[in-house]
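What follows draws every value from the coordinates through simple rules; no lab data is involved. Being a predicted model, the structure only gives us computed values, none of them experimental. Glycine also receives a Cβ, built like all others from the backbone with ideal geometry; neighbour counts cover every protein chain displayed.
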Amino acid sequence: MLAEKALVALTALKRLESERGLGVHEGTTDQVRRALEAAGILFIESGQGRGVMFLHETSGTETRQGRVRSRRETS
C-alpha cells in the first residue's frame, strides 16, 4: 500500500526497507517520505536522536495511556 501511495515500485520500497543498506534513488526516498508525511507521520531529529510522531489518530484503539494499540493487540 505504501509503494502505491508513494508512486514507487514495490522492489524499490523493499530495497529502502532492507537492513542490508541497499541503495535507492534519492527521489524514491523523498517520495516515500512525502507519502508518510501526508499520512500524518512527522519525522523528528534532535541532539538526542531521531524518531517519528503520529499527527493523526490511527485506526487502532486508544488506551488510557494515550498509546494506540495495533489491531493485533486488540484481537
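Computed from the C-beta positions of Leu22 and Phe54 and an R0 of 30 Å, the FRET efficiency is 0.65 to the nearest 0.05. The distance between label points at Leu10 and Glu45 comes to 3.1 nm (points 7 Å beyond Cα on the Cα→Cβ vector). Checking every one of the trypsin sites (Lys or Arg not before Pro) in segment 1-59 against DSSP loop status and a limit of 12 other Cβ atoms within 10 Å picks out Arg20. Remark: segment 28-35, residue by residue, has Karplus-estimated 3J(HN,Hα) of 5, 4, 5, 5, 5, 4, 5, 5 Hz, where x stands for each Gly or Pro and the curve is 6.51 cos²θ - 1.76 cosθ + 1.60 at θ = phi - 60°.
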